[in-house]
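Readers should treat all values here as calculations from the given coordinates under stated rules, not as data from a laboratory. Values in this document were obtained by computation on a predicted structure and should not be read as measured data. Cβ placement follows ideal geometry from the backbone for every residue including glycine, while neighbour counts extend to all protein chains displayed.
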């Protein structure tokens, strides 16, 4: 599950005391467990060992170069959604030829850059995009590898902001139109090479049923396109969720045994492999959150506390600019004190320094009664934590560190206020 646990009353990441990290690097700081990432990656690879698969890590989940390099060293490809993410992959030593490039609004410079780098495949989301790529490829004297994202209209039953596979979402081409679009590519767009098909129905899915429904619905199309166009792969997307609430206290795989309704990597693979193997194609998997989510925490410090008329508040030095999930789509994170508490806790809101009422990390939550100066760890912050952070309220970006056993490595320096404003131009006009 993860490698965060109390040892002698102090929360550790692997073999490192989190209070020592706070003393050295300050707060807020994102702390990642290298061995948790590797364990989850190995679990994915082992679960799908009986199938021809290619794992591409969804870079948007956590894009620090040290994590990208770790993935590249383990033979993982990358699912990217911008030219900037591709640049990060190249910088980290990753192979562009192992990258799939998704996103609904790729610009001409991004498309040219991706073609120059020799990416594995563009994942296209509209006919206009396909025609644009065809024109740019023609101008460059190249043939661009493409796959279209099919929208199977399967409800993933996740938060409305992270569902992607229904008619109401901006992503993909409706399943009723996909056959005609592939015929158009083959007949009218000679500078495109049809390489595969892709789908992705949403993020943070905790049950396998939507995946099964989507695979069953799209499989006949995949078989048809293999016969008609010789496609090489089918990307079934990502979206397998992590547990934010309820299992972290044990940090043990035993939790999954006692909660069979919660999808694990193993149950996900067991349900899908029998449906995918008869197709005889490479299956591309796009995990992001599942590889890094439980591997990271946001280390923060309680600054003040306040008793209001109806609420008790714990003010911390991490805000919605550092981790926006709770404010953006009601994301839940367990909050642990770095120094273990034995009290029954207190009902409180955990809030940050940002000048917004939406700047909270927990509301009406029973938490240990930490006092000003004490450290807290916001758990399961490895995915969509730092990668969605900002400098709102002119707050510098947090530091990031990687823990490997008893070794701590700084993988991003804390931003300075001078760096926050260095690209601004003062004008007297």
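Taking only alpha carbon atoms, the chain gives an Rg to Rh ratio of 0.99, where Rh is the Kirkwood radius.
Over the residues of the chain, the helix contribution to mean residue ellipticity at 222 nm works out to -8500 deg cm²/dmol, using -39500 (n - 2.57) for each DSSP H run of at least 4.
Residue separation of residue 104 and residue 369 scaled by 0.36 nm, minus their Cα-Cα distance, works out to 90.8 nm of gained length. What angle, in degrees between 0 and 90 and rounded to the nearest 10, separates the Cα long axis of helix 108-117 from the longest principal axis of the Cα atoms of the chain? Orientation of helix 108-117: about 80 degrees from the principal axis. Highest mean first, the peptides 205-217, 22-34, 41-53 sorted by other C-beta atoms within 10 Å per residue fall in the order 22-34, 205-217, 41-53.
Antiparallel beta bridges, as assigned by DSSP with both residues in the chain, represent about 50 percent of the total such bridges.
If one takes the longest principal axis of the Cα atoms in the chain, at what angle in degrees, from 0 to 90 and to the nearest 10, does the Cα axis of helix 265-276 lie? That works out to roughly 10 degrees.
Taking Cα atoms only, the orientation of helix 209-229 departs from the longest principal axis of the chain by about 30 degrees.
Quick check: from the Cα gyration tensor, does segment 368-418 come out rounded (a/c under 1.5), prolate or oblate? Cα axes put segment 368-418 in the oblate bin.
Taking the average, over residues, of other Cβ atoms within 10 Å as the packing measure, peptides 303-310, 412-419, 223-230 rank 223-230, 412-419, 303-310 from highest down. Based on C-alpha pairs under 8 angstrom that are at least 6 apart in sequence, the chain has a relative contact order of 20 percent. Going by neighbour counts of Cβ atoms within 10 Å, the residues 234, 87, 336 line up, fewest first, as 87, 336, 234. Once the C-beta distance of residue 409 and residue 311 is scaled by a Förster radius of 35 Å, the resulting FRET efficiency is 0.35 to the nearest 0.05. With a simple spin-label model that places each label point 7 Å from the Cα along the Cα-to-Cβ direction, the separation between residue 187 and residue 342 comes to 7.8 nm.
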